[in-house]
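Data block below; observations after.
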Amino acid sequence: MPNAVTEAETLISEIIPATEVDKLEHGREAEILQPLLDLGYIKKAKKANLANGIRLFRKDYLSLNLIPEFAPKFLFLPATDLEGEELNLLHTLTALDGDFTLDILPQKGEINLCSRILHYRLSIHQLISFGVEKEFSSESLEAMTPLHVWIKNLPSAPLDLINLLGNIPALIQFINIDKNGGLNERIVAFKYQKEEAVSRFNVDISDDLNQEIEEDEQEEEEDNESDMLLLENEVDDHIDELQKETIFDRKEDEALKKDTRKNRKKRSRLIKVQAMIDVVLAKMNKISDEINIESDLLSKEINKLKKIQTTVSKEANRLTRIIQNFDKQIDQLEKSKKGLKKKERQLKRKIRRGAPQDEIDRRRQEIKKIKNANREIENLVIKKSTINVQLIPVDEDLRIIENRLNSFEKQMTKLIEEREQRINEKQKKLVALLKRLNNLKDKVDKIKFSFRGRLKKVLNEEFYLKEVQEGIFQNRNRNKLKTISEEDYNNFLIRLIQIFQWTNGFYYGKLDNKVGNRTFSSLDDMVTYSKGLRLKFILSRLSENQSGTKGYWILNIKYLFKKLSDNLLNVKADFTTKDLLEHYEKQVLKIESKGKKVGNEITDRCYGEIVEENQSDIQEDGTIRRIYYGIKNIATTLFDALNDLISIIKSGIEKLIYLLKNLIKIVYKEIREGVRKFKDGMIFLFGKRQFATPVGIDSAIITKFDFDFDAITFAPPQVSKKEMKIHTETLLRFSNNLNFSLVLTGKILKWALKLIDIGTPIGWAKLSLRIAIQYKRMIIEWLVKLGKDLTRHVISIKYKKNSKGTT
Amino acid sequence: MPDEKFKEPSPTVGASNLNDKFNKIGKQLLNVAVDFTTINVTTLTGNYTHIINTKEQGGKFTVKTDFKNFTKELGKKGGVEAEVKLVAHTYVDFDHDTVNFVSDGVNPNGDFLFDIHNASLNSAKTSRNAFIRMLKEFVP
């Protein structure tokens with residue numbers, strides 16, 4: 001039997017390679033530690049603290065009934081590890097997408113999940129300076145008082161306010177309403193952090209902005225807003241019109257449309273037009289390629305025919321040569337026959353004159369020779385005619401080939417002519433299109449992007465004229481900007497922008513209120529995936545010195561929030577991780593079906609970096625930081641960006657790296673959690689199903705299940721209560737956790753057999769992604785059973801009467 | 001040493017290889033003819049330390065033999081059979097009819113042994129249900 005067991009182990013390790021599992025498991029601990037740190041269950045990210053943190057967390061969520069009865073019995077689980085479902089819960093609790101609603105406030109003096117989440121949200125917004133793990137007190141609620149000073153009409157109930165703070169999209173929408181957030185009479189200002197913070201900052205944008213600032217500073221008159229709008233509209237109409245134009249056949253046209261669709265979200269018209277120009281240029285190249293391919297094919301055909309022609313004419317020549325040879329021989333024979341006849345005639349004459357006997361004999365011989373020559377000539381003539389007969393079909397073949405060649409060459413000439421004519425027409429059209437596009441580009445270049453114009457447009461007129469135009473731009477009053485930059489509400493808003501970018505996957509750094517390089521490049525990424533958002537309208541710089549090393553950034557917060565409210569926040573579909581994974585799988589399979597491979601080098605490297613960053617990050621105290629584990633907002637962003645990200649993975653070029661990391665973080669995590677369950681199921685199906693708990697030093701309780709679940713247990717008489725408990729818990733943990741993992745395994749096996757049926761090969765990449773999707777589907781079904789509002793992914797805490805969590 | 005953080009890309013599992021494996025597994029599972037209608041759970045006690053090897057793996061015990069041969073192994077103790085007593089036996093029929101047999105006075109620890117027996121029974125029932133659920137998913 002040991003052989004059978006080894007065989008089963010080999011089988012499992014072949015299906016689930018250990019190296020893959022190791023790679024995925026790497027960093028899981030940090031994913032547990034981080035939210036436990038965030039919620040104050042542990043103070044330092046040490047492995048030694050993990051068991052206690054997990055114990056407290058389990059106690060808390062069980063007392064709140066957050067995991068249903070039919071779920072795995074987590075109490076039996078290892079003390080230093082979380083089940084996938086628990087990790088999912090932990091990450092949901094620390095999410096800021098409104099995924100988790102608090103339904104009741106903690107009592108004064110309580111330390112429990114509610115107090116921790118409440119404090120966590122306050123600390124995210126920098127409203128408290130004490131630790132998240134502190135007991136709930138009046139101080140906790142007083143921390144929210146400044147919010148009421150900055151923002152009007154906030155919910156008066158502390159609980160509603162706390163839930164609003166835990167729902168960043170809703171909070172931004174709320175603040176965007178002028179009578180609430182007062183953003184129409186506000187700009188956000190912040191000081192340069194350091195010289196290099198600007199110089200290291202993405203070159204393109206920096207140049208853009210510097211140019212922008214120069215333009216702004218050169219402007220003496222006010223922007224003519226309406227003229228600008230007209231020109232913008234005109235350009236947009238042109239672009240639309242050009243996109244509608246059909247210059248290519250249907251297939252090409254679709255490809256073109258797809259290309260331009262891809263660029264739809266690119267941040268400016270200039271880029272849009274440039275993209276169209278690129279497409280046209282690419283098409284032109286393609287066309288010249290097509291000509292080459294076509295004529296190549298034709299000349300190949302002709303060459304082939306010519307080769308045949310050569311062979312056939314060689315054969316004809318050979319036969320002709322033979323015939324000529326015969327003719328020569330016949331000629332010679334005729335000649336010698338003539339000579340012989342002459343001799344014979346002379347002999348005849350001599351005999352007539354009465355020649356001796358030997359003369360008569362000689363004549364006879366000559367006559368014989370003549371007869372022989374005649375015979376030979378006859379033979380040769382017959383042979384010649386045979387060869388001539390042979391030559392007839394060869395000649396015929398030659399004629400046919402020649403005809404064919406002629407017609408083919410004619411055809412080819414005609415085809416090339418036609419083709420060239422067609423191509424010329426297309427090229428002419430393309431050249432015309434290119435001209436139009438270049439004109440359009442000039443027009444776009446002429447549009448003045450104006451930060452000030454946009455600022456004026458969104459702000460209250462009186463406020464703009466007096467405070468901004470006069471107070472800041474005309475008087476160059478830096479004191480005013482300094483004052484603004486030091487206001488608490490100003491800093492709250494900067495933080496809010498950072499949180500928004502963080503929860504949307506654009507920002508991948510610490511939440512520190514410092515607008516550094518990461519913030520700038522994340523703004524750039526965000527602009528790429530937000531319709532109509534333009535960086536030039538968001539940020540501008542007011543320098544204090546010529547070299548531009550000192551000064552303030554001015555941020556048009558009203559414009560930014562308005563655009564965010566219009567776009568990112570009004571997402572119609574709520575995407576879940578499952579949707580994201582399914583979309584990802586679809587894209588990957590599409591690429592694979594074209595015979596290309598989605599390499600995992602870049603994804604592996606991304607994951608390695610995430611793990612490394614996270615591990616070093618959680619060692620630092622104080623700041624709320626690190627990787628965001630909420631899903632809803634990120635999933636939405638990633639869904640939009642997925643095609644681009646996949647092509648980044650495919651090409652191996654590192655772009656949009658924060659978004660990519662966020663995608664990989666989610667995909668790898670789900671694969672890992674799914675594979676864990678799948679492995680459990682496989683081990684059950686093919687493992688030995690034998691459980692042993694040591695008793696004393698030389699005995700053990702042993703339980704063995706056979707394939708149809710009959711069980712036999714050996715237990716020594718001296719079993720203690722402790723040993724009995726360990727063994728029963730082992731058994732119950734084993735069987736209670738089976739439900740989930742076995743159903744998952746069953747679904748995966750069914751899927752695999754289906755693929756085998758239709759002859760599709762299964763590789764680890766495909767298998768692991770499928771496991772992740774299936775796992776996520778099951779988690780969602782499971783949450784539905786839990787009675788949670790899945791359409792909004794909301795889980796809410798309802799207190800049980802007897803719950804009094806303490807640490 | 002950042003390089004150390006990255007593992008070498010794992011050897012790719014050949015797709016055809018995986019297909020073969022899954023095919024094998026599938027056939028294995030579809031062809032099982034097992035009796036899921038009844039459950040038999042037996043708990044025994046006695047002296048069988050000779051079957052357990054406590055020396056291996058740094059003091060951790062391991063069970064030398066697979067359980068299937070356990071009873072065979074029990075009889076091998078220097079020709080003298082080990083003394084093994086029945087603690088309890090439970091037979092559960094598909095209609096949930098249950099027959100319980102519990103020995104009297106097995107030892108003073110009988111309660112704990114019976115607790116273990118109950119846990120085995122519960123575990124067997126739960127596992128069987130999970131397995132049937134899996135088959136439902138799996139069998140087309």
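The values are calculated or read from the model by the stated rules, or taken from the named source; none is laboratory data. These figures come from a predicted structure and were not determined experimentally. Glycine also receives a Cβ, built like all others from the backbone with ideal geometry; neighbour counts cover every protein chain displayed.
What to note about this one:
- Residue that is nearest to B:Ala88 (Cα to Cα), among those in the range A:698-747 that are of a type in the set (Phe, Trp, Tyr) and crowded, with 24+ Cβ neighbours inside 10 Å: A:Phe714
- Scanning the range A:583-594 for residues that are of a type outside the set (Gly, Ala, Ser) and surrounded by fewer than 17 Cβ atoms within 10 Å (Cβ to Cβ) returns A:Lys586, A:Leu589, A:Lys590, A:Ile591, A:Glu592, A:Lys594.
- Qualifying residue in the range A:593-600 (condition: of a type in the set (A, V, I, L, M, F, W, C), at pLDDT 70 or above and more than 27 Å from A:Leu37 (Cβ to Cβ)): no
- When A:Asp278 is tested against (1) of a type in the set (D, E, K, R); (2) under 24 Å from A:Glu378 (Cβ atoms); (3) modelled with pLDDT under 85, just one condition goes unmet, and that condition is (2).
- Among residues of the range A:707-746, those that are facing chain B (nearest Cβ under 7 Å) and more than 19 Å from B:Leu113 (Cβ to Cβ), counted: 12
For (1) in the same structural domain as A:Ile401 (by TED's automatic domain parsing); (2) loosely packed, with under 15 Cβ neighbours inside 10 Å; (3) at pLDDT below 85, each residue gets a yes or a no:
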| site | (1), (2), (3) |
| --- | --- |
| A:Ser299 | yes, yes, yes |
| A:Thr310 | yes, yes, no |
| A:Lys314 | yes, yes, no |
| A:Leu319 | yes, no, yes |
| A:Lys328 | yes, yes, no |
| A:Asp331 | yes, yes, no |
| A:Lys335 | yes, yes, no |
| A:Lys343 | yes, no, yes |
| A:Gln346 | yes, yes, yes |
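- Single residue of the range A:14-71 satisfying the filter (within 14 Å of chain B (Cβ to nearest Cβ) and hydrophobic (A, V, I, L, M, F, W, C)) that is farthest from A:Ser616 (Cα to Cα): A:Phe70
- Among the residues of the range A:352-361, the one identified as part of a helix (DSSP H, G or I) and surrounded by 15 or more Cβ atoms within 10 Å (Cβ to Cβ) is A:Glu359.
- Taking the criterion of being part of a helix (DSSP H, G or I) and either free of Cβ contacts under 8 Å to residues at least 60 places away in the same chain or within 7 Å of another protein chain (Cβ to nearest Cβ) (or both), the residues of the range A:747-766 that qualify are A:Lys747, A:Leu749, A:Lys750, A:Trp751, A:Ala752, A:Leu753, A:Lys754, A:Leu755, A:Ile756, A:Asp757, A:Trp764.
- Applying the condition of being surrounded by fewer than 19 Cβ atoms within 10 Å (Cβ to Cβ) and more than 7 Å from chain B (Cβ to nearest Cβ) to the range A:684-697 and asking which residue is farthest from A:Pro78 (Cα to Cα) yields A:Gly696.
- Top-ranked residue in the range A:155-165 [being surrounded by fewer than 19 Cβ atoms within 10 Å (Cβ to Cβ) and touching a residue at least 24 places away in the same chain (Cβ under 8 Å); ranked as nearest to the chain's Cα centre (by Cα)]: A:Leu159
- When A:Leu380, A:Leu415, A:Leu398 are checked against the criterion of being at pLDDT below 80 and either over 30 Å from A:Lys563 (Cβ atoms) or of a type outside the set (A, V, I, L, M, F, W, C) (or both), A:Leu415 stands alone in meeting it.
- Of all residues making up the range B:33-46, the number that are at pLDDT below 75 and facing chain A (nearest Cβ under 7 Å): 3
- Any hit, the range A:664-683, residues being at the interface with another protein chain (Cβ under 9 Å from one of its Cβ atoms) and closer than 30 Å to A:Phe714 by Cβ: yes
- Residue count, the range A:105-149 (criterion: of a type outside the set (Val, Ile, Thr) and assigned to a loop (DSSP other than H, G, I, E, B)): 20
- Residues of the range B:88-131 that are surrounded by 14 or more Cβ atoms within 10 Å (Cβ to Cβ), more than 7 Å from chain A (Cβ to nearest Cβ) and modelled with pLDDT of 80 or more: B:Ala88, B:His89, B:Thr90, B:Tyr91, B:Val92, B:Phe114, B:Asn118, B:Leu121, B:Lys125, B:Asn129.
- Qualifying residue in the range A:748-766 (condition: among the basic types (Lys, Arg) and surrounded by 21 or more Cβ atoms within 10 Å (Cβ to Cβ)): no
- Any hit, the range A:403-411, residues being outside any helix (DSSP H, G or I), surrounded by 14 or more Cβ atoms within 10 Å (Cβ to Cβ) and either at pLDDT below 80 or aromatic (Phe, Trp, Tyr) (or both): no
- Out of A:Glu613, A:Glu585, sole residue that is part of a helix (DSSP H, G or I), at pLDDT 75 or above and within 14 Å of chain B (Cβ to nearest Cβ): A:Glu613
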